[in-house]
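**Student:** Can you keep this structure in mind? I'll have questions shortly.
Laboratory data are not the source of any read-out in this text; all were calculated from the coordinates shown. Because the structure is a prediction, the values reported are computed rather than measured. Heads up, the Cβs are rebuilt from the backbone with ideal geometry, glycines too, and the neighbour counts pull from every protein chain shown.
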Amino acid sequence: MKKISVIVFLMFCLTYCSAQQRADFRLKISSDGHSFQNENGDPFFWLGDTGWQMLARLDKNELEQYLENRRQKGFNVIQVVALDDSTDPIGPNRYGDKPLIDNDPDRPNEKYFSVLDWTLKLARKKGLYIGLLPTWAGNVVKHWGTPKAMFNEKNAYRYGLYLGKRYKDYPNVIWITGGDRPAFSSTADWRPLWRAMINGIREGTEGRALITYHPAGESSSTVFWKDESTLDFNMMQSGHRIPDLPVWSWVERDFNLKPAKPILDGEPNYEDHPVNWKKENGYFDAYEVRKQLYRSIFSGAAGVTYGHHAVWQFYSAREQPIAFPDRYWQEALGRPGAFQAGYLAKLISGRVIAGIYQTTRISAQDMIKDGQGTGGAYIAACRDKQNLSGMVYLPIGRKIEIDISWLYPEIKTAWFNPRNGVLVKGSRITRTKPTYSFEPPTLGVGNDWVLILQNAALR
C-alpha cells in the first residue's frame, strides 16, 4: 500500500467549541424542519448520553465528575429522569430526599428538586443541555411490571405545569416525555394523560418548551404521534435486543413524514449491554454501537444518543445491578465508544473537514453503486445540499463503487477513521467518468471507515 500521511485531531477539548461554551441559548427547529439550531442561529448537532438515573444515584461531587467527563468528550445533551420507577414508593436521592411526598405528584419535595436546580445550572455552565424526562412511564403505563397508579390526567397536567414553571427560565432544558413505554396498546390509550402533562409543561414554560417522546425499544414516537402537532421533534429507540437493527430505514421513514420534524435515535445499543438482555448472548461492543450511530446520522438523523449500560444506571457497589452490568460506572466513563461518539460529533459539526454541516447534510444513498449491503454490512452515505462534499460510511472495510457525477470536476478525497478520530489524506481526482472505485486503508470486519469526497477548492 502506498504510504499516506496522517493528520491527527487537535485536542478535543480545544476544538469542539460547542462543548466549551455555556448553554445559554435555547434550541429551536431549523427552517426546513430537519435539524436543530440555537436561538442565535448556530447549527446544533445533538450528541446525547444517557445519564438517566443520575439524580437518584449520585451526589453533587459525582454529578460534577460525570458531567465534566461528558463535556470533555464532546457530548452536549444529557438525558435524565426526574422520577425513577425502579422502586415503589420512589426511593430517595443520595441526600435522603424523595422526589414526592407520600408518592403524590401534587406534592413535589423542594429539597429533591433543589438538587435538580443545581444540576441544571452546573450543566449550563459546562455547555450541556439536559433532556429532562418528567417521569419514567412505569409510573404511568401498565405495560411492564406493576404500575404505581400515580398519575391521572389532572395531576399529570399539574405536575407538568409545576415543572414547566420551575424551569421556564433554564435555556438548557429539553423536554422528553414517554419514558421507555408505548403511548397506547391494543387495550389502552395513555395519550390523553401524556397530552395533559405536555400541556402543563407548555403552559408553565410560556410556550418555550421543545418536547419529544421517548418510546419503548424498537419503536418511534411517530408510531404514536405522527398525525398531530403534540411533539416538536421525534425520537426512536432502536434498543438493546438486536445487533444491526435497520435504524437507517427507520430514520429515512420518519425523515420523510409531513410536516417535517427532526428525528434521532435516543437509545440505540448501549456499549457493554448484554444482547437481548441475556449475558450468555454476549455484550454489545464499541464497534456494534459505532455502526448504528454512523448509519442513523448518514441517513438523515438530526443527532444521536450514545449510552453505556453501567453509566445509565450508575452501577456501583452501593447499587443493585440491572441486567448484568460488567463494571462500575466510573470505569465505564472511559470506554472506547464514548470517545468514538465524540469523533462523530466533531466530523458532523464541520470541525474535521469543511463542507458537511449539520444544516446542509442530506441522505444520499444513491451515491452507492456497488452493493449497499444489509445488516452489519449496510453502507450509508450523505452529502451537503450544495453538492460540495459527501461522505460514505463503510462498516466493513472493502472496495466500493461510488457515483461522483454530482461533484465538481476537481475532487479531493480523504479517509476518516471512526475508531481513533484520525483523518488520512487521500488523493486528488479529475473526474472523467460518473463512477469511481475507492478502497479504504484497511480491510475487513471491524475496519470501518468514512470516505470523504470534496470539491478540491475547499480547504
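**Student:** Hey, how much of the P(r) for segment 242-316 falls beyond 14 Å, as a percent of Cα pairs?
**Tutor:** 61
**Student:** Listing Ile101, Ile198 from the residue with the fewest other Cβ atoms within 10 Å to the one with the most, what is the order?
**Tutor:** Arranged by neighbour count, lowest to highest, Ile101, Ile198 become Ile101, Ile198.
**Student:** How many nm separate the modelled label positions at Thr87 and Ile362, each set 7 Å beyond the Cα in the direction of the Cβ?
**Tutor:** Going from the Thr87 label point to the Ile362 one covers 5.3 nm.
**Student:** Summing +1 for each Lys or Arg and -1 for each Asp or Glu, what net charge is found among the other residues whose Cβ lies under 12 Å from the Cβ of Ala310?
**Tutor:** Once positives and negatives cancel, what remains is -2.
**Student:** Pairs of alpha-carbon atoms within less than 8 angstrom and 6+ residues apart define the contacts here; what relative contact order does the chain have, in percent?
**Tutor:** About 14 percent, as a whole number.
**Student:** With no solvent and one equal point scatterer placed on each C-alpha of segment 361-455, evaluate the Debye formula and give log10 I(q)/I(0) for q = 0.10, 0.18 Å⁻¹, two decimals.
**Tutor:** These q points yield log10 I(q)/I(0) values of -0.23, -0.77.
**Student:** Using a Cα-Cα cut-off of under 17 Å, which aspartates and glutamates could be cross-linked to Lys258, ignoring same-chain neighbours fewer than 8 residues away?
**Tutor:** List returned: Asp32, Asp227, Glu228, Asp232.
**Student:** With θ taken as phi - 60° and the coefficients 6.51, -1.76 and 1.60, list the Karplus ³J(HN,Hα) couplings across segment 154-169 in order, rounded to whole Hz; mark glycine and proline as x.
**Tutor:** Result, ordered by residue: 6, 6, 5, 4, 5, 5, x, 5, 4, 5, x, 5, 5, 10, 5, 9 Hz.
**Student:** While we're here: Counting other C-beta atoms within 10 Å, which of Glu203, Glu228, Glu267, Glu39 has the fewest, and how do the rest follow?
**Tutor:** Glu228, Glu39, Glu203, Glu267
**Student:** While we're on this one: My understanding is that a pair violates if its Cα-Cα distance is over 21 Å; which of Lys73/Lys111; Lys385/Lys412; Lys28/Lys168; Lys291/Lys399; Lys73/Lys126; Lys142/Lys165 do that in this structure?
**Tutor:** Lys73/Lys111; Lys142/Lys165
**Student:** Can you check what the net charge comes to around Asn61, using other residues whose Cβ is under 12 Å from the Cβ of Asn61 (Lys, Arg +1; Asp, Glu -1)?
**Tutor:** Summing Lys and Arg as +1 and Asp and Glu as -1 gives -2.
**Student:** Which of Phe75, Phe233 comes first, and how do the rest follow, when ranked by fewest Cβ neighbours within 10 Å?
**Tutor:** Lowest count first: Phe233, Phe75.
**Student:** Summing Lys, Arg as +1 and Asp, Glu as -1, what charge do residues with Cβ under 12 Å from the Cβ of Thr374 carry, Thr374 excluded?
**Tutor:** So the environment of Thr374 carries a net charge of 0.
**Student:** Write down the Å³ per residue value for the convex hull defined by the alpha carbon atoms of segment 99-151. Mind showing how you got there, number by number?
**Tutor:** Values: hull volume 4.6 nm³, N = 53.
Residue-normalised Cα hull volume stands at 87 Å³.
**Student:** Helix-only estimate, please: 222 nm mean residue ellipticity of the chain, summing -39500 (n - 2.57) across DSSP H runs of length 4 or more and dividing by its residues, to the nearest 500.
**Tutor:** The helix-only estimate for the chain comes to -7000 deg cm²/dmol at 222 nm.
**Student:** Follow-up. Cut-off under 14 Å on the C-alpha distance; same-chain residues fewer than 8 positions from Lys125 excluded. Which aspartates and glutamates are left, in chain and number order?
**Tutor:** Lys125 reaches Asp24, Glu64, Glu68, Asp117.
**Student:** How large is Rg/Rh for the chain, to two decimals, with Cα atoms and a Kirkwood Rh?
**Tutor:** Ratio value, two decimals: 0.97.
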